[in-house]
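The values are calculated or read from the model by the stated rules, or taken from the named source; none is laboratory data. Here the structure is a predicted model, which means the values were calculated and not measured. As a convention, Cβ positions derive from the backbone with ideal geometry for all residues, glycine included, and neighbour counts pool all protein chains shown. Surface areas here come from the heavy atoms of the whole protein model, side chains and all, with no ligands, DNA or RNA. Shrake-Rupley method; radii C 1.70, N 1.55, O 1.52, S 1.80 Å.
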Amino acid sequence: MVTDNPSAVMHLPLLSVEDVSKSFTIHLRGGVRLPVVANVTFDVSSGECLVLGGPSGIGKSSILRMIFGNYAVDAGRILVRDRSSGDVADLASGDPRLVLSLRRDHIGYVSQFLRAIPRVSALDVVAEPLLARGVEHKLASNRAAAMLERLNLPPALFNLPPATFSGGEKQRVNIARGFMIEYPILLLDEPTASLDETNRDVVVGMIREKLIAGTAILGIFHDIPVREAVATKIIDVAAFSTREAA
Amino acid sequence: MNSEPILSVRKLEKRYGNFIGCTDVSFDVWPGEVIAIVGESGSGKTTLLNCISTRLERSSGEIRYRLRDRRFPDLAELSEAELRFLMRTDWGFVHQNPADGLRMRVSAGANVGERLMAVGDRNYGEIRRRASDWLERVEIAASRIDDMPVSFSGGMRQRLQIARNLVTHPRLIFMDEPTGGLDVSVQARVLDLLRMLVSDLGLSVIIVTHDLGVARLLSQRIIVMKSGRIVEQGLTDRVMDDPSHPYTQLLVASILEN
Amino acid sequence: MTNPSLPAYNFAYLDEQTKRMIRRAILKAIAVPGYQVPFASRDMPMPYGWGTGGVQVTASILGPDDVLKVIDQGADDTTNAVSIRAFFAKVADVATTTRTEDATIIQTRHRIPETPLAHGQIIVYQVPIPEPLRFLEPRETETRVMHALEEYGLVHVKLYEDIAQHGHIATTYAYPVKVEGRYVMDPSPIPKFDNPKMHHSPALQLFGAGREKRIYALPPFTDVVSLDFEDHPFTVQRFDCRCALCDAQDVYMDEVITDDRGGRMFVCSDTDHCETRRSEGCQGAGLPQHCTAKAGWEAAE
């Protein structure tokens, strides 16, 4: 779909999830099928922060993972709209290369846990998305350092690999990495779970800046004050869940 | 993103009499992409790698490669001279055992410089300068340039083998368990180096490994093989986090948590 | 059973069929300069390593009117040279000589005579190892493919190693050459001092390796280029001293130890050259002397 009028594009959602369902088939347990969610449908527009609500185990993280392409989708569509051209791509049915290109240009994801890479320093972990986009090494390092400073990570840690960091330190590295690039769509999976109050406020500030800049944010926040500070809309995932709430 | 694959494999089969080495293998590799081929011993992953890199003759199927002039011939159409030229310029092959990929009795500098000399470089000073640059890139002190690989540790040998392969700026690298014979700490260093070089140089890589951690760290896409066939392929993190084939689920479930 | 009507040997020892087989190999070798042609090397009445390849080539090209000269390390009077000369004098009844310009065929081990070879002469080299790539690639199947595809990077790897370890190309004999811009060839263990003599020589040059069963050749006026690097060009060793016997300069010298107190002298390696000069009245300083040839070698590199 191509729209000629860019101003019309502005009002269309950047992310549309349509009738998405997901289940796991566990072959190691005799092929038992575990349904997760069904008929998930919602839109997220520019400048909007949609929060997925509901109790643990109901499938919130699975929805984020499907939108990032990390989990396969059984049925339905995940439409990602290009902000300038208005072109729409279906990530749910896309081949790996489409998913990789959407991750590169459209969708950022801050997971709950940092997957540390041996021997790579915190600074390089954060700078990597910039380097991958051809930003010069010195400039990328400076911007990464500024981001980590804002998140109050002690500079002594910048050049150490995060494998030995505490939970909160790792999470700040993870957040810094996810916020380095101006993704049109940002997925946040409990980014503030292990942060103290000061850093929680820093993250809230960063999320607000993204919203003002027009990012479409989809997040999971168990932390009520954070949720209230950033959410523009909350949907209850229980409505889509095919499981008994845990 | 480049829209033309650099390598295209279709219906590839290798048989040893009635025994199937690999069969019905089809996939593409795009420029700058790292593909991991995983599976247990005997799954046919090394046979597949050797067929694609023409070290082993295939029984049937197509293997097309994008030459620098953009032609996309089946490798079987190339003469032996053209193939060997590809192998020492456009391709690299990193063996599990560095001794298989190095000349153990010539100096580190000559090991790195060999490919340069093979393509006609005739200036000693320049060859040495480039060899020395590459040694430093793979974290080997330039002062070791005149030492024989026999005096190197396993990790150094493997890094030397990598430098030797990359000096001609190849576009496609084949790797067969590149960290398989190394201690864990040494392995991390080699992996980190590979990861950086692959992204700095925009290399396409086909890496065979039985270690899913290695696959996860280096590759964007993964091919899971069992009994000579592809049972699952796709985005590396999706296949590992949401495996659909029973065998892949078994493999993923067998990883030690860290 | 012996038939008294038959001679004990065919002319030049080898039977005619064998000679034809070898001549065919020689013709092919001349047609493809520098290419190693396999041939069915025969057992000769001498051990491998004593020149069986050269002897078979010589036997195959020798005619009753030829005049044969045989040298070993430049000398006509060493055991190997004397034996081979006597061998052909007996089995072919050919004339022999020690004078380079009088010979039609010169069989040699390790030297090319100082007197320039002329049109119509043939020089036959005894070759121990014909394969120039063997030191780095032991597989014969692989070296043949490398020759076929002109993959000669390995030769430079060897030269690179020389420079890396010694600061200069330290290979001083069996120095690899490229023939007519195509095949890389081992010139047999002649000193690299003699390499330039092969280039555009008016004589036909034949190489025979008996144990390895290979013949190769350089037809007259063939391009023969010694391999090198741009910044480490090929050079030959020079001797600062003069021959103690004939006062010659710019020739290849042998060092002769004359006593156990450090006395030594340097003399022409080519005995014919030395004798000719002396017969013309040249005379060296005599012995003993204390020549600075060693320093001269290094200076030349």
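Here are a few things to note about the model shown:
- Here the relative contact order of the stretch C:16-226, from alpha carbon pairs under 8 Å that lie six or more residues apart, stands at 28 percent.
- Summarising the strand pairing of chain A, around 55 percent of its internal DSSP beta bridges are antiparallel.
- Helix axis angle, B:108-118 relative to chain B longest principal axis, alpha carbon, degrees: 80 degrees
- In chain B, Cα pairs under 8 Å separated by at least six residues give a relative contact order of 26 percent.
- Taking every C-alpha pair closer than 8 Å and separated by at least 6 residues, the mean separation divided by the residue count of the stretch A:13-240 gives a relative contact order of 29 percent.
- Legend: residues C:S60, A:S56, sorted from most to least accessible area (1.4 Å probe; ligands, DNA and RNA excluded), read A:S56, C:S60.
- Quick note on the stretch C:224-272: its Rg to Rh ratio, both from C-alpha atoms and Rh being the Kirkwood radius, is 1.15.
- DSSP bridge pairs, the protein assembly as shown: antiparallel proportion in percent, nearest 5: 55 percent
- GluC sites (Glu not before Pro) restricted to DSSP loop in the stretch B:77-140 with at most 16 other C-beta within 10 Å: B:E139
- Taking Cα atoms only, the orientation of helix B:80-89 departs from the longest principal axis of chain B by about 70 degrees.
- Across every pair of non-identical alpha carbons in the protein assembly as shown, the mean reciprocal distance, once inverted, gives a Kirkwood radius of 32.3 Å.
- Dipole magnitude of the stretch C:16-226 about its Cα centre (Cβ charges: Lys, Arg +1; Asp, Glu -1), debye to nearest 20: 460 debye
- Those trypsin sites (Lys or Arg not before Pro) in the stretch C:146-229 that DSSP places in a loop and that have at most 15 other beta carbons within 10 Å: C:R182, C:R211
- Each stretch of four or more DSSP H residues adds -39500 (n - 2.57); spread over every residue of chain B, this sum gives -11000 deg cm²/dmol at 222 nm.
- Using θ = phi - 60° and Karplus 6.51 cos²θ - 1.76 cosθ + 1.60, couplings along the stretch B:48-59 (whole Hz; Gly, Pro as x): 4, 4, 5, 5, 5, 7, 6, 7, 9, 7, 6, 8
- Taking the centroid of alpha carbons for each part, the stretch B:162-197 and the stretch C:124-140 are 35 Å apart.
- On full extension, the segment bounded by A:E197 and A:K233 gains 10.6 nm, given 0.36 nm per residue less the C-alpha separation.
- Accessible surface of C:W50 - all protein chains present, 1.4 Å probe, nearest 10 Å²: 130 Å²
- Length available on full extension from B:S41 to B:E136: 0.36 nm per residue minus the Cα-Cα distance, which gives 30.7 nm.
- Nearest-10 value in Å² for the accessible area of B:I6, using the 1.4 Å probe: 10 Å²
- Taken residue by residue and averaged, Cβ atoms of other chains lying within 10 Å of the Cβ of A:94-102 number 4.
- In the stretch A:12-57, the residues that give up 40 Å² or more of accessible area when the other protein chains are added, compared with the chain on its own (1.4 Å probe), are A:H27, A:L28.
- Computed in the context of the full set of protein chains, the accessible area of the stretch B:114-211 at 1.4 Å probe radius has 47% of its extent on carbon or sulfur.
- Each chain gives up part of its surface: B and C jointly bury about 1800 Å² of accessible area, both sides summed, for a 1.4 Å probe.
- Square roots of five times the Cα gyration tensor eigenvalues for chain B, Å: 30, 23, 16
- Theoretical gain in end-to-end length, A:H222 to A:S56 [0.36 nm per residue, Cα-Cα removed]: 58.8 nm
- Stretch in chain A that is longest and holds no GluC sites (Glu not before Pro) that DSSP places in a loop and that have at most 14 other beta carbons within 10 Å: A:1-135
- Among the GluC sites (Glu not before Pro) within the stretch C:91-168, those in coil by DSSP and having at most 14 neighbouring Cβ atoms inside 10 Å are C:E150.
- Measuring r between the beta carbons of C:Y173 and A:L28 and using R0 = 56 Å, the FRET efficiency lands at 0.20.
- Estimated purely from DSSP H runs of n ≥ 4, each contributing -39500 (n - 2.57), the mean residue ellipticity at 222 nm for chain C is -8000 deg cm²/dmol once divided by its residues.
- Where both bridge residues fall in the stretch B:107-252, DSSP classifies roughly 55% of the beta bridges as antiparallel.
- Debye intensity ratio in log₁₀ form over the Cα atoms of the stretch A:117-246, taken at each q of 0.10 Å⁻¹: -0.36
- Peptide B:230-243 has a mean shielding of 4, counted as Cβ atoms of other protein chains within 10 Å of each residue's Cβ.
- Whole-Å distance, taken between Cα centres, linking the stretch B:17-58 and the stretch C:214-248: 51 Å
- The smallest convex shape that holds all Cα atoms of the stretch B:207-258, its convex hull, gives 77 Å³ per residue.
- Solvent-accessible area, 1.4 Å probe, carbon plus sulfur percent, for chain A: 53 percent
- Surface listing: C:F87, B:F85 arranged by accessible area from highest to lowest gives B:F85, C:F87, probe 1.4 Å.
- In a simple Cβ point-charge model (Lys, Arg +1; Asp, Glu -1; nothing else charged), the stretch B:1-133 has a dipole of about 380 debye relative to its Cα centre.
- Accessible carbon and sulfur surface of chain C relative to its total accessible area, %, 1.4 Å: 54 percent
- Average other protein chain Cβ within 10 Å of Cβ, residues B:121-127: 6
- Accessible-area order (highest first, 1.4 angstrom probe) of the listed residues C:D76, C:D93: C:D93, C:D76
- Rounded tilt (10° steps) of A:96-105 against the dominant C-alpha axis of chain A: 50 degrees
- Range of Cα positions in chain C per principal axis (Å), largest first: 62, 50, 36
- Residue-level accessible surface for A:S84, protein heavy atoms, 1.4 Å, Å²: 90 Å²
- Solvent-accessible area lost on pairing B with A (1.4 Å probe, both sides summed) amounts to about 2100 Å².
- Once the Cα gyration tensor of the stretch B:146-236 is diagonalised, semi-axes √(5λ) in Å: 25, 16, 12
- 10 °C / 1.306 mPa s Stokes-Einstein diffusion coefficient of the stretch A:141-213, Kirkwood radius on C-alpha pairs, µm²/s: 125 µm²/s
- When only the Cβ of Lys, Arg, Asp and Glu is charged (+1, +1, -1, -1), the dipole of the stretch A:13-240 relative to its Cα centre reaches about 500 debye.
- Quarter of the Cα convex hull surface for the stretch B:1-141, i.e. its orientation-mean projected area (nm²): 11.0 nm²
- Dividing the convex hull volume of the alpha-carbon atoms in chain A by its residue count gives 143 Å³ per residue.
- Residue-normalised accessible area of the stretch A:13-240, given per residue in Å² at a 1.4 Å probe: 41 Å²
- Ellipticity estimate at 222 nm from DSSP helix runs (n ≥ 4, -39,500 (n - 2.57)) divided over chain A, nearest 500: -10500 deg cm²/dmol
- Dipole of the stretch B:114-258, positive end: most advanced residue of B:G154, B:V138, B:L203 [Cβ charges, Cα centre]: B:L203
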